[in-house]
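Below is one structure; the comments refer to it alone.
The numbers here are math on the coordinates, done by the rules we state, and not lab data. Being a predicted model, the structure only gives us computed values, none of them experimental. Here Cβ is always computed from backbone atoms with ideal geometry, including for glycine, and neighbour counts include all displayed protein chains.
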Amino acid sequence: MGLLEELTVQTGVLPESITSLTKEEMENRVWKIKKVLGKKLFIPGHHYQKDEVIQFADAVGDSLQLAQLSSENQEADYIVFCGVHFMAETADILTQEHQQVILPDMRAGCSMADMADIHQTEKAWRRLQGIYGDTIIPLTYVNSTASIKSFVGRNGGATVTSSNAHKMVEWALEEKERILFLPDQHLGRNTAADLGVKMNEMAVWDPITEELMYAGDVEDIRVILWKGHCSVHENFTEKNMEHVRMAHPEMKIIVHPECRREVVEKSDLNGSTKFIIETIRSASMGSSWAIGTEMNLVKRLIADHPDKLIISLNPYMCPCLTMNRIDLPHLLWALETVMENRTQNIIKVDEDTSRNAILALNRMLSRV
Ligand code: 13P
Ligand code: SF4
């Protein structure tokens with residue numbers, strides 16, 4: 001490969017052979033490649049992906065479903081993952097050696113996952129073990145790097161997703177007196193609060209200042225929340241809720257549990273993307289909903305349910321920029337490289353990391 005070509009590949013810049021095509025031409029080429037590769041190719045897509053990508057997905061799901069599908073699919077040689085980096089890593093950890101996981105654009109990360117790096121986590125763990133000894137267990141939201149999952153697996157903990165967080169936090173609190181919940185403080189706080197853990201039994205670990213933020217006796221702490229968040233879901237506010245309640249008193253508000261506590265507490269319902277979709281699907285005709293989650297999904301729900309009034313909880317909401325990195329041109333590009341036997345953007349988690357990360361994932365998958 002020439003230098004220019006190599007740089008292009010590494011930075012994710014699309015070649016002219018792709019950018020010069022019309023949308024229709026690109027779509028036709030993707031359909032054709034799918035037909036040629038048949039069962040050798042599997043395209044999983046997260047609910048937050050754009051329609052131009054989702055139309056090609058062999059399966060669409062939330063994080064938990066996509067992890068389950070990855071562990072079940074042993075047939076496909078190429079898994080072209082339409083989601084973000086941590087999801088593709090999870091797929092690689094759960095698939096067989098002969099299967100290649102490909103992320104169409106390497107820039108499709110997750111800002112929340114990046115908020116906990118392994119060095120910060122190891123440091124925090126040493127400090128917390130100094131205080132609590134063996135009475136603490138780590139849990140990590142799947143929205144985390146493979147190294148964090150590996151750390152958690154090595155230390156007896158498990159992964160969680162937004163659809164099984166209650167079950168997993170309950171399990172962890174039966175195992176040990178307290179938990180360290182990475183990296184989303186909001187999902188951790190919302191879940192623990194639902195399970196009856198009081199606010200004054202929760203503390204926040206700040207990885208930047210390396211401080212346990214808590215005013216009281218540290219022995220009373222049951223849940224330590226990593227100070228991370230989703231920059232998309234943090235944009236739903238109590239003010240948005242007040243506006244909706246005022247303008248549409250009959251409207252139900254449903255949000256993702258990555259939203260802040262105040263928002264989740266005041267909503268009518270909260271749950272994973274799958275839960276949101278199923279709730280809207282089974283809602284009665286003529287019902288009205290304000291949804292607090294990523295815009296691609298909200299837009300799809302609006303289009304799929306013309307019999308219901310659906311709006312975004314925040315009318316000025318931005319989409320998840322990293323999820324949106326995966327678009328039709330990048331999908332086609334990834335597929336063409338597979339066809340030409342020069343596959344790129346392969347997500348490969350090293351063996352050592354995988355061995356422990358799979359412990360954390362399996363502790364979750366065996367309980368859901
Ligand atoms: P779900 O597990 O609910 O699909 O959420 C994933 C995610 O990244 C939400 O921001
Ligand atoms: Fe990450 Fe938030 Fe985007 Fe989900 S919506 S992928 S948590 S940045």
Checklist entry - Which of Y141, W226, I302 sits farthest toward the positive end of the charge dipole of the chain, with +1 on the Cβ of Lys and Arg and -1 on the Cβ of Asp and Glu? => result I302
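Given R₀ = 41 Å, what would the calculated FRET efficiency be for Q129 paired with K32, taking r from the Cβ atoms and rounding to 0.05? Could the numbers behind the result be given before it?
Details: r = 55 Å, r/R0 = 1.35.
FRET efficiency, Q129 to K32: 0.15.
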Checklist entry - Measuring from the lowest to the highest alpha carbon on each principal axis, how far does region 64-161 reach, largest first, in angstroms? => result 47, 26, 21
Checklist entry - How long is the gain from S287 to R107 if the chain were fully straight, where each residue apart is worth 0.36 nm and the alpha carbon distance is subtracted? => result 61.0 nm
Checklist entry - What is the percent of Cα-Cα separations in the chain that go past 37 Å? => result 22
Item to check | Residue pairs, from the table K123/K227; K252/K299; K34/K348; K149/K274; K35/K308, whose Cα atoms sit over 26 Å apart | outcome: K35/K308
Next on the checklist: Residues of region 54-69 with the amide nitrogen closer than 18 Å to a label point 7 Å from the Cα of K23, along Cα-to-Cβ, please.
Outcome noted: 54-57
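How big is the dipole moment of the chain about its Cα centre under a simple scheme where the beta carbon of each Lys and Arg is +1, that of each Asp and Glu is -1, and everything else is neutral? Debye, nearest 20, please.
In total the dipole reaches around 480 debye.
Order these peptides, 211-217, 288-294, 222-228, 240-246, by their mean beta-carbon neighbour count within 10 angstrom, highest first. Write down the numbers at each step before the final one.
Values: 211-217: 11.6, 288-294: 25.3, 222-228: 23.0, 240-246: 15.9.
Highest-to-lowest ranking by the protection proxy: 288-294, 222-228, 240-246, 211-217.
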Next on the checklist: Only bridges whose two residues both fall in region 201-350 count here: according to DSSP, what percent of them are antiparallel, nearest 5?
Outcome noted: 20
Next on the checklist: Full-extension gain between E336 and Q96, please, as 0.36 nm times their residue separation minus the C-alpha to C-alpha distance.
Outcome noted: 84.1 nm
Checklist entry - In sequence order, what are the phi-derived ³J(HN,Hα) couplings for region 102-108 according to the Karplus relation 6.51 cos²θ - 1.76 cosθ + 1.60 with θ = phi - 60°, rounded to whole Hz, with x for glycine and proline? => result 10, 9, x, 9, 5, 7, 7
Next on the checklist: Taking 35 Å as R0, compute the FRET efficiency from the Cβ-Cβ separation of V13 and E75 and round it to 0.05.
Outcome noted: 0.60
Item to check | Shape parameters for region 217-306, alpha-carbon atoms, Rg then Dmax in Å | outcome: 15.0, 53
Next on the checklist: Based only on other Cβ atoms within 10 Å, what is the fewest-to-most ordering of L313, L328?
Outcome noted: L328, L313
Next on the checklist: With a 10 Å cut-off between alpha carbons and a GNM built on the chain, which of H305, H46, H229 moves the most?
Outcome noted: H305
